[in-house]
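Structure record follows, encoded as structure tokens.
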Amino acid sequence: MDSAVQRALNDKLYDKRKVGALELERLIRELVAQNDFPRVEAVLDQLCNDFAYAVHQPHARNGGLIGLAAAAIALGPVLAKYLEVIVPPVLACFTDQDARVRYYACEAMYNIAKVAKGEILKYFNHIFDALCKLGADSELSVKNGAELLDRLIKDIVSESAATYVSVLEQPPAYDEDDKVAPDDSVELPTAFSLKRFIPLLRDRIYALNPFTRTFLVGWITLLDSIPDLELVTYLPDFLGGLLRFLSDSNRDVHVATQGCLDKFLNEIKRIAHIKKGIVESKKSKEGKRKRVDSIDSGSVRPQLEEGDELDSDTAADDDDLDSEDDWVPGQDIQINYKAILEILTATIDSPLEEDSLLESLRWIVEFLDICPEEVLPFTPKILAHLLPAMASGVESIRQAAARVNTSLLDYVVSLSDEADMPPPSRIPGPPPPGDRQDGTTSTRASLSGSREEVRSPTPAQVRAPPRTPTPGFPPTQPQPDLDYAAAVNSLTLLFLNDHEATRVAALTWLIMLHRKAPRKVLAFNDGTFPALLKTLSDPAEAVVTKDLQLLSQISRNSEDDYFTNFMVSLLQLFSTDRKLLETRGNLIIRQLCTSLSAERIYRTLADCIEKEEDVEFASIMVQHLNNNLITAPELADLRKRLRNLETKDGQTFFVTLFRSWCYNAVATFSLCLLAQAYEQAYNLLQIFAELEMTVNILIQIDKLVQLLESPVFTYLRLQLLEPERYPHLYKCLYGLLMLLPQSSAFAALKNRLNSVSSIGYLHISPRPNATTPNVSNFDRPNRLKGREEGIIRWGELLEKFRAVQERARRLQRMGGGRDADDPAGGDLRIAHSSTVDKGPGLEGAGGGPGRAVRGPVPIIKEAPPAKPEPAPKPRSGLGRQFGRLGGAVSGRGKRA
């Protein structure tokens, strides 16, 4: 350069530097016109080294910048060759400490880019990185200059980014004299490369400055709007940072980011719709092709000869099939759903970022509609964070989480799992009419995998078309599968969550998963079962109800051993957590009886209680079971079954309960009243006289008297009207009266008995002699004979009751623990076969409702009726009738 130009560029005044730049521009134009490119390179080298890179001379740097801009304007069409010399010094000035240098660098780059146009895209990454930093500059003038440059670069990118190829990459012009023509099939690289830009964007996307975030969102929106770039394929690289932008306190950043995410989601939905339409179109054309093939076959050809219209349609179909498929924009775009879902699931793990959480939940709901098969593998992770969000304190988050939960639950339910599910006839549900009430037969068949269930398909089944997929979800080639183990593990951990809604939702999911694939859930249920048992102590009743529903469902679909282990574990839980037994014991028992067979539950619990060594706990447990047996509406059928002792099943059930009920004297007595075994109940009262009447026993008797006034014992009160058929019923009730102290229960029972005292007096009137025909249809001798020949061995049951009560008395005196005299329980383990006769039928038994209690030994003989007095009072007659009973218990009653 001339010395005058050098002095002008180095001047501290802008106007003089401008004059020098204009002179330099004229000089370079002349050199270009003269093709003196070596001197042009020398001038550019001088501008760079002596001016632009003069770090400690700000005026020289400013002059170098304006000189480089002037040189770029002068070079014009040949600028592309010298951009690698001109651009780096300008980029270096973007980081200068002097704000004026940074501003002039923006101005110089603006002028260079305006001339270079698409060629500047080769340096897009460097310019973008510089603008990203200048957008947050503290100097307003620098910000304004950077904004102007940013607009220009955006315009250039919008016009040329997708297609522009640098002139330096262009092949040499084709000359007709050349023997080898350039290959047009070779794809030349474009000046802008999205693949090279994404790593830079990935680094900058986690910026915190709101101006930088606004800058980034603007560029992402712009690049996404260019159709041929397909930025959406790189969405996983910067989606996580965009979601964080939603939590920015700057409202402009939030609004811009929300709009950008909406555009991406709509684009994904559009691409998925296009691909789904293409798949459906191919299926339709495949169907047409098959139809054409069938028409061309000889079997169908005679039908076409009747008309020509079908032939013309067939020809049109042939033309359609022969034509090539039209290319649809977006059909080749590949969306990495897996990577996107990994980011979304990681985002919902951050409950503090509410806006990010809401957007992630919205995307997951949309993906369940777009590509549910891609969401399925992430179900365990989603559930681990989704269900806690359902208990969020923010209403919008709760609603969004509920929508995701509903959609995901519906999709998992809609999945076909025929390979792992039981056959349709074995699916758990109401037992068929011929099966047992507890449904164990059908369950055992479903879990045993017996060979009878594997059948060869019939010809009709072979020809049957495959089952169509769920209408709401796009068809997929492979059947997606859920990781049941990971899902159950995630749901089990949610039992520890503080919120009731989360725990209920987790149990709801487990119930659905077990109903869908019971064997898959049971395969690893060993670790889940203790957690389910512990959940029974949950303070929320809704959680306990769901937990019981799941436990019942598991037990219903399990073998008998599993059910027994469940009952044993439940008893152990009650034994260690007495508060749970007192507060939730009745609820647990009733819910289980509602979901499972009540008789199966009571039989199993009775067998377990009979082997219980803790006598005190056994008595309390029997008391709870007995109260539910008498009062629970869910056990009405079981009460009817107990009142029918004419069948062998009813008798064995009664004996099973009696043997375990022996731990609680009043419960055993009430069981006999419920089964209408009044003579046995009276025999128990004789043993009551040997017991120590504690306050607890008196309280239980008081409650029993109140229950006698309930609708459950209506039949018993009506039987008081038939003293001839039920003589021991009077003795039982009067025996209770003698045991009770003077209280409200005593008065209530006394009033009840006084209301039928005259009928009781009729019972002691003279019997007709042998010659008098018996007008009653009740055969007394047969009744006693039936008792002697009955299947239930009443005497042994009485001895069992006496032994258990004696053992309890000894343990109470010793202060608890095992009885030293009877370490193994002694004669309390009376074999079940010794109590219930295994002989055939009940012929001649004469037992059951409406009949007296029977048994081989001992037979309690009634005292002969006293002779009637001329005008006896009803109460005095009853007193003579039960004189012996009063004498037997009066002393005990006073002591109590």
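The values are calculated or read from the model by the stated rules, or taken from the named source; none is laboratory data. All values reported here derive from a predicted model rather than from experimental measurement. Glycine gets a Cβ as well: all are built from the backbone with ideal geometry, and neighbour counts include every protein chain shown. Ligands, DNA and RNA are excluded from the accessible area calculation, which covers all protein heavy atoms including side chains. Shrake-Rupley method; radii C 1.70, N 1.55, O 1.52, S 1.80 Å.
Overview of values
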quantity: Enumerated helices (runs of 4 or more DSSP H) restricted to segment 642-728, each holding at least 1 residues that are open to solvent by 50 Å² or more (accessible area, probe 1.4 Å) and either modelled with pLDDT under 90 or out of contact with any strand residue (DSSP E or B) (no Cβ under 7 Å at 6 or more places or on another chain) (or both); calculated: 648-661, 678-688, 695-708, 714-719
quantity: Flag for ALA632 being in contact (Cβ under 8 Å) with a residue 24 or more places away in the chain and closer than 25 Å to PHE713 by Cβ; calculated: yes
quantity: Qualifying residue in segment 51-61 (condition: modelled with pLDDT under 90, among the β-branched types (Val, Ile, Thr) and in contact with a Lys or Arg (Cβ under 8 Å, 6 or more places away or on another chain)); calculated: yes
quantity: Elements of type helices (runs of 4 or more DSSP H) contained in segment 335-395, each with 3 or more residues being open to solvent by 20 Å² or more (accessible area, probe 1.4 Å) and not small (Gly, Ala, Ser); calculated: 337-347, 354-370, 379-389
quantity: Tally of residues being of a type in the set (Asp, Glu) and in contact (Cβ under 8 Å) with a residue 12 or more places away in the chain across segment 792-813; calculated: 2
quantity: Of the criteria (1) under 16 Å from THR212 (Cα atoms); (2) buried (at least 19 other Cβ atoms within 10 Å of the Cβ), which one VAL255 fails; calculated: (2)
quantity: Residue count, segment 11-21 (criterion: open to solvent by 70 Å² or more (accessible area, probe 1.4 Å) and either among the hydroxyl-bearing types (Ser, Thr, Tyr) or under 15 Å from ASP50 (Cβ atoms) (or both)); calculated: 1
quantity: Qualifying residue in segment 539-549 (condition: over 18 Å from the mean Cα position of the chain (by Cα) and of a type in the set (D, E, K, R)); calculated: yes
quantity: Some residue of segment 314-334 being touching a helix residue (DSSP H, G or I) at 6+ places or on another chain (Cβ under 8 Å) and at pLDDT 85 or above; calculated: yes
quantity: Within segment 215-241, tally of residues that are under 19 Å from LYS269 (Cα atoms), touching a Cys at 6+ places or on another chain (Cβ under 7 Å) and open to solvent by less than 10 Å² (accessible area, probe 1.4 Å); calculated: 1
quantity: Residue match in segment 552-563 (condition: in a helix (DSSP H, G or I), of a type in the set (D, E, K, R) and either surrounded by 15 or more Cβ atoms within 10 Å (Cβ to Cβ) or in contact with a Cys (Cβ under 6 Å, 6 or more places away or on another chain) (or both)); calculated: yes
quantity: Flag for ARG643 being touching a Pro at 6+ places or on another chain (Cβ under 8 Å), on the phi < 0 side of the Ramachandran plot and in contact (Cβ under 8 Å) with a residue 60 or more places away in the chain; calculated: yes
quantity: Pairs with Cβ under 6 Å, 6+ apart, first in segment 194-208 and farther than 21 Å from ASP228 by Cβ, second open to solvent by 100 Å² or more (accessible area, probe 1.4 Å) and modelled with pLDDT of 90 or more; calculated: none
quantity: Candidate set: segment 396-419, residues that are of a type in the set (A, V, I, L, M) and open to solvent by 30 Å² or more (accessible area, probe 1.4 Å); chosen: the one farthest from ASN497 (Cα to Cα); calculated: ALA419
quantity: Pairs, first under 21 Å from LYS143 (Cα atoms) in segment 104-130, second acidic (Asp, Glu) and surrounded by fewer than 23 Cβ atoms within 10 Å (Cβ to Cβ), C-beta under 8 Å, six or more apart; calculated: ALA105/ASP96
quantity: Top-ranked residue in segment 132-141 [being crowded, with 21+ Cβ neighbours inside 10 Å and more than 46 Å from the chain's Cα centre (by Cα); ranked as modelled with the lowest pLDDT]; calculated: GLY135
quantity: Selected residue (only one of GLU613, GLU599 is touching a residue at least 60 places away in the same chain (Cβ under 8 Å) and outside any helix (DSSP H, G or I)); calculated: GLU613
quantity: Test: TYR14 is of a type in the set (Ser, Thr, Tyr) and in contact with a Pro (Cβ under 9 Å, 6 or more places away or on another chain); calculated: no
quantity: Of all residues in segment 55-69 being among the aliphatic types (A, V, I, L, M) and open to solvent by 10 Å² or more (accessible area, probe 1.4 Å), the one that is nearest to GLY20 (Cα to Cα); calculated: ILE66
